[in-house]
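Reviewing the structure listed below.
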Ligand SMILES: *Cc1c(COP(=O)(O)O)cnc(C)c1O
């Protein structure tokens, strides 16, 4: 290859194909090979590759106003904030560019609230195995194995408990605690669902003890699980919700959404050059307006059930393990096969899937994936497992 990919900083091991084009559930490399994409930019392209509504929004807004700086109001930022507040049942919205940035904002907001309303408390309880991003604070918040020692010194103020263990949270809450933060489904860890009962109990406990509940919905939000937010299955309202990934339908866009009573940032506390820019906000409006429709979400639920059925049938026939997840965020646990090797074989068979653990494959197709494409995925996966 004469492309000088060696100038790209080596932060990830990538296979050799160079991607040049995408449409819906399909991606093409520059040799013309076609892939059925069940990674979708890491659960980002919720409407598939280059969907019409995103293109239209980019072109229309791009022709009007791309960036007026965060020093001024623009119309798409206000429209998106209203859409997100309504869809989440919360009040105040801070738009930003990545999930990690949204979570940093959530951590800052919780600490500010603790300084003001809870005697200077600052500690946040998070979950073993969790993933909240790659900035220094969000790495410290994450419970990813092996991250404890990286980039020392570590940002202090996080305490870890096992997911699903309510007593452990109750025991960990002290006068220093300001919040509990978790993903409704741990995506990067390998798709581990926080049970609805547990989430409801956690909401009751945090209320009773006077600490905040922060839901990192960066992977589970924007319809991924069949509801607009993952925690809506449990019928709970967190104090703070973070969104990213699917929110931009492929472009960099994220959001920190908070209840009015915890929205205590003052001028100068939070900001960023690209935050709330009209181009990305206009795309976010188009995505949210599409995804929040009841019929769209019903489609995610029914295609999710179809995917579960396909994976369970395959697992039964081939002696593999459990199928986990919700909606169109699912995982298959393999028995006696290395998931990374299967994902590599799948690439040869024209299928893109992800292996978050040595024994687990993850599926995060476009929310617009068709049943025929799910069938094709199962066929290609079956071939890749042989
Ligand atoms: C992807 C992800 C993040 C980080 O988002 P970035 O946009 O990569 O910074 C944080 N939390 C969860 C749950 C995620 O899935």
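Read-outs: derived from the displayed coordinates by stated rules, not from any lab. Computed from a predicted structure; not experimentally measured. Here the Cβ is made from the backbone with ideal geometry for all residues, glycine too, and neighbour counts use every protein chain on show.
Given the Cα-Cα distance of residue 335 and residue 117 and 0.36 nm per residue of separation, how much length would full extension add, in nm?
Numbers: separation 218, 0.36 × 218 = 78.48 nm, distance 5.00 nm.
Between residue 335 and residue 117, full extension yields 73.5 nm more.
Cβ crowding within 10 Å ranks 158, 151, 274 as 151, 274, 158, fewest other Cβ atoms first. Inter-part distance, the stretch 220-246 to the stretch 256-294, computed on C-alpha centroids, equals 15 Å. The antiparallel fraction among DSSP beta bridges confined to the chain stands at about 65%.
Share of Cα-Cα pairs in the chain beyond 39 Å, in percent? More than 39 Å apart: 15 percent of the Cα pairs in the chain. Round to the nearest 10 and give me the degree value, 0 to 90, for the angle of helix 52-64's Cα axis relative to the longest principal axis of the chain. Helix 52-64 sits at roughly 50 degrees to that axis. Counting neighbouring Cβ atoms within 10 Å and putting the fewest first, the residues 359, 3, 239, 196 line up as 3, 196, 359, 239.
Full extension of the segment from residue 273 to residue 65, taken as 0.36 nm per residue of separation minus the current Cα-Cα distance, would add 73.3 nm. Cβ-to-Cβ counts within 10 Å put 380, 116 in ascending order as 116, 380, the fewest first.
Between residue 348 and residue 237, what FRET efficiency follows from the Cβ-Cβ distance if R0 is 41 Å, with the result rounded to 0.05? Don't skip to the end; give the middle numbers.
Details: r = 46 Å, r/R0 = 1.11.
Here the calculated transfer efficiency is 0.35.
Rounded to the nearest 10 degrees, the angle from helix 339-348 to the longest Cα principal axis of the chain is 50 degrees. Taking only the Cα atoms of the stretch 265-386, the radius of gyration and Dmax are 18.4, 59 Å. A simple spin-label model places the labels of residue 289 and residue 309 3.4 nm from each other, with each point 7 Å out along Cα-to-Cβ.
Sequence-distant contacts, meaning Cα pairs under 8 Å at least 6 residues apart, place the relative contact order of the chain at 23 percent. Going by a ≥ b ≥ c, the root eigenvalues of the Cα gyration tensor, does the stretch 126-189 fall in the rounded group (a/c under 1.5), the prolate group (a/b larger than b/c) or the oblate group? Because a/c hits 1.5 or more and a/b fails to exceed b/c, the stretch 126-189 counts as oblate.
Relative to the longest principal axis of the Cα atoms of the chain, the long axis of helix 196-209 lies at roughly 20 degrees. Applying 0.36 nm per residue to the separation of residue 19 and residue 176 and subtracting their alpha-carbon distance, the gain on full extension is 51.7 nm. In this label model, residue 42 and residue 167 are separated by 3.7 nm, measuring between points 7 Å along each Cα→Cβ vector.
Helix-only estimate, please: 222 nm mean residue ellipticity of the chain, summing -39500 (n - 2.57) across DSSP H runs of length 4 or more and dividing by its residues, to the nearest 500.
One gets -11500 deg cm²/dmol as the mean residue ellipticity at 222 nm.
Where in the stretch 159-190 is the amide nitrogen less than 18 Å from a point lying 7 Å along the Cα-to-Cβ axis of residue 322? Counting only backbone N, you get 162-166, 183-190. When both the stretch 165-217 and the stretch 16-49 are represented by their alpha-carbon centers, they are found 35 Å apart. Could you state, as a whole-number percent, how many of the C-alpha pairs of the stretch 1-126 are farther apart than 20 Å? Result: 68 percent of Cα pairs exceed 20 Å.
For a paramagnetic label modelled on residue 371 (point 7 Å from Cα along Cα→Cβ), amide N atoms under 17 Å away belong, within the stretch 318-360, to 328. With Cα atoms defining each centre, the stretch 111-154 and the stretch 66-109 are spaced 22 Å apart in the structure.
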